[in-house]
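The values are calculated or read from the model by the stated rules, or taken from the named source; none is laboratory data. Everything quoted here is computed from the prediction, not taken from an experiment. When we count neighbours, we look across all protein chains shown, and the Cβ atoms used for this are built from the backbone with ideal geometry, even at glycine. We work out accessible area using only protein heavy atoms, side chains counted, and drop any ligands, DNA or RNA first. Shrake-Rupley method; radii C 1.70, N 1.55, O 1.52, S 1.80 Å.
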Amino acid sequence: MKIYTKNGDKGQTRIIGKQILYKNDPRVAAYGEVDELNSWIGYTKSLINSHTQVLSNELEEIQQLLFDCGHDLATPADDERHSFKFKQEQPTVWLEEKIDNYTQVVPAVKKFILPGGTQLASALHVARTITRRAERQIVQLMREEQINQDVLIFINRLSDYFFAAARYANYLEQQPDMLYRNSKDVFH
C-alpha cells in the first residue's frame, strides 16, 4: 500500500466520508493541531525517567483519546456513514481527578508561574500551549460547522491537566516552580 495520494500536490486532502478539502480548511487545521499535540506528547513521554514514571501511562492514554478527538474533528456531523467516537464525560472526569490530585501535592502558589523547570515539566508546558492553540482552532471550526462538543470540553480541560502535570513533574524531581516576579496574587 502506498501512503501518498498526490491530493496534497494540489493543496487538498481527503477527510472521513471522502470529502476533499483544502489543507487550510478550518476542519483540517483543527485535527492537524490535535495531531501535532499528539506527536508532542510522544516526544514528552521520551523524557520520562524513574522519578516521573507515574506519568507515562496517563500520557499514553491521552494520546489514545486524542486519536479519537482527531477522528471526530475529521468527521462532518452530517456524515451518516460515520459516527463520533469521543465521549468526554469519563475522560474529562479522569483529567479533573488527576488535576485535583496533583494540585493537592504540589506547593500552593498564588502567583503566575514561568513555564520551565525540568525537561519533562518544560515539555508539559509546551503541551499546554499546543493544546490551547488546538482549542482555538477547534473553536474556529465550531463557529463555522457543527462539531462533537465533547472534543472541545476535553481539550479545554486537557490544557489545565498539562499545567498541573508540569508542576507535579517538577515536584517529583524536587525542582521548585519559578514565579513571575511582577505577578500579583491571582490564585486563591
In region 113-138, residue nearest to ASN170 (Cα to Cα) [restricted to those that are open to solvent by 50 Å² or more (accessible area, probe 1.4 Å) and assigned to a helix (DSSP H, G or I)]: GLN119
Consider region 1-35. How many of its residues are of a type in the set (D, E, K, R), outside any loop (DSSP other than H, G, I, E, B) and loosely packed, with under 14 Cβ neighbours inside 10 Å? 3
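Yes/no per residue for (1) modelled with pLDDT of 95 or more; (2) within 12 Å of the chain's Cα centre (by Cα); (3) of a type in the set (D, E, K, R):
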residue: TYR43; (1), (2), (3): yes, no, no
residue: ASN49; (1), (2), (3): yes, no, no
residue: VAL54; (1), (2), (3): yes, no, no
residue: GLU58; (1), (2), (3): yes, no, yes
residue: LEU66; (1), (2), (3): yes, yes, no
residue: GLY70; (1), (2), (3): yes, yes, no
residue: PRO76; (1), (2), (3): no, no, no
Going through region 56-82 one residue at a time, which ones are within 18 Å of GLU33 (Cβ to Cβ) and free of Cβ contacts under 8 Å to residues at least 12 places away in the same chain? GLN64
Determine which single condition VAL151 fails, assuming it passes every other condition in (1) part of a helix (DSSP H, G or I); (2) under 17 Å from ALA166 (Cβ atoms); (3) among the β-branched types (Val, Ile, Thr). (2)
Filter region 164-188 for residues that are out of contact with any Phe, Trp or Tyr (no Cβ under 8 Å at 6 or more places or on another chain), open to solvent by less than 60 Å² (accessible area, probe 1.4 Å) and within 16 Å of ARG128 (Cβ to Cβ) and give the result. ALA166, ALA169, ASN170, ASP177
Picked from region 36-57 (must be open to solvent by less than 10 Å² (accessible area, probe 1.4 Å) and in a helix (DSSP H, G or I)), the residue nearest to ILE138 (Cα to Cα) is LEU37
Subset of region 83-107 that is in contact (Cβ under 8 Å) with a residue 24 or more places away in the chain and surrounded by fewer than 15 Cβ atoms within 10 Å (Cβ to Cβ) - its residue that is nearest to ILE48 (Cα to Cα): VAL105
Residues of region 119-132 that turn out to be in contact (Cβ under 8 Å) with a residue 60 or more places away in the chain and farther than 10 Å from PHE162 by Cβ, as a count: 2
Top-ranked residue in region 97-136 [being of a type in the set (D, E, K, R) and modelled with pLDDT of 95 or more; ranked as nearest to TYR43 (Cα to Cα)]: ARG128
